[in-house]
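The values are calculated or read from the model by the stated rules, or taken from the named source; none is laboratory data. These numbers come from a predicted model, not from an experiment. Cβ coordinates were reconstructed from backbone atoms using ideal geometry, including for glycine residues, and neighbour counts include every protein chain displayed. Remember, those area values only see protein heavy atoms, side chains included, never the ligands or the DNA or RNA. Shrake-Rupley method; radii C 1.70, N 1.55, O 1.52, S 1.80 Å.
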Amino acid sequence: MFIGEYLYQIDEKGRVSIPTKFRPKLSEGCVITRGLDKSLVIYTLSDFEKIAQKIAKLPITQSDARAFSRFVLSGAVNVNLDSQGRIIIPQYLRDYAGIKNEVAIIGLFDRFEIWDKSAWEKYKKQAESESENIAEQLENFES
């Protein structure tokens, strides 16, 4: 599983190291795409296939469904780890997420996100200040 928070530098070629703990699950490659909140999200190939199948079942007659499909799938790209455990983040995805030099990699169990470090710090500070309200809203969450 992907958990934890890690900080890395992105190099001039758009490469970023992936946490060592995450690498074994990505040995066959992964998919990176636009995430919510101006983040990027990375899935294993098998998990992305499940997501894509769910998206494909959305009703094409609804504009929100079409927009979401385009948002996620048009931004998706297969990437592989290099021999040093890095991936290349395409420029259009770096632009979307506002990634410049430093990134935060955030593990979210079955996926992980890559954020511009300053954007992550701002988001995290806001979420932490609202954590009690968020917890109350999720109190009745059922799996």
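The table below gives the values:
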quantity	calculated
Looking only at region 115-135, and only at residues there that are under 14 Å from the mean Cα position of the chain (by Cα) and of a type in the set (F, W, Y), the one that is most open to solvent (accessible area, probe 1.4 Å)	W120
Selection from region 99-114 of residues that are under 17 Å from E12 (Cα atoms) and crowded, with 23+ Cβ neighbours inside 10 Å	I99, V103, I114
Test: residue in region 32-43 that is aromatic (F, W, Y), in contact (Cβ under 8 Å) with a residue 60 or more places away in the chain and not in a loop (DSSP other than H, G, I, E, B)	yes
All positions within region 90-143 that are in a loop (DSSP other than H, G, I, E, B), within 17 Å of Y43 (Cβ to Cβ) and out of contact with any Ser or Thr (no Cβ under 9 Å at 6 or more places or on another chain)	P90
Extreme residue, surrounded by the fewest Cβ atoms within 10 Å (Cβ to Cβ), among residues of region 17-39 that are at pLDDT 95 or above and polar (S, T, N, Q)	T20
Region 59-75: number of residues that are touching a Lys or Arg at 6+ places or on another chain (Cβ under 8 Å) and either in a loop (DSSP other than H, G, I, E, B) or modelled with pLDDT of 95 or more (or both)	2
Residue within region 46-55 that is touching a helix residue (DSSP H, G or I) at 6+ places or on another chain (Cβ under 8 Å) and buried (at least 18 other Cβ atoms within 10 Å of the Cβ) present	yes
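Conditions tested, residue by residue: (1) of a type in the set (D, E); (2) under 16 Å from P90 (Cβ atoms).
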site: M1; (1), (2): no, no
site: E12; (1), (2): yes, yes
site: P24; (1), (2): no, no
site: E28; (1), (2): yes, no
site: L45; (1), (2): no, no
site: E49; (1), (2): yes, no
